[in-house]
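Data block below; observations after.
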Amino acid sequence: MSPSSLKTVLENSSSDKAVSEAHIATAIIHVIETARSQGQSLDDVITELMTDDALLDPKSRHLLGDILTQAWNNL
């Protein structure tokens, strides 16, 4: 499972229209729910996020990893 929901939100967003926080939050929740339903751990999701060079720059990937960790622990 990759963070495909977040990637889809970012790709489908036009360059002149910012992605809303609600879209990002929804994508993160979907990624977490999908990972859990497939028996994946937080470490599995973070590992995939960190290896997907096409999604975000390294600093943004680490920030997103921190956000995913917080969301995972609170859902």
Where residues in region 42-65 are in a helix (DSSP H, G or I) and in contact (Cβ under 8 Å) with a residue 40 or more places away in the chain, which of them is farthest from residue 24 (Cα to Cα)?
-> 44
Matching residues, region 7-40, being under 11 Å from the mean Cα position of the chain (by Cα) and at pLDDT below 80 = 7, 8, 9, 10
Scanning region 23-41 residue by residue, those among the hydroxyl-bearing types (Ser, Thr, Tyr) and part of a helix (DSSP H, G or I) turn out to be 26, 34, 37
Within region 41-74, restricting to residues that are touching a Gly at 6+ places or on another chain (Cβ under 8 Å) and surrounded by 17 or more Cβ atoms within 10 Å (Cβ to Cβ), the one that is modelled with the lowest pLDDT is 49
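The values are calculated or read from the model by the stated rules, or taken from the named source; none is laboratory data. Quick caveat: nothing in here was measured; it's all calculated off a predicted structure. We place every Cβ from the backbone using ideal geometry, glycine too, and count neighbours over all the protein chains shown.
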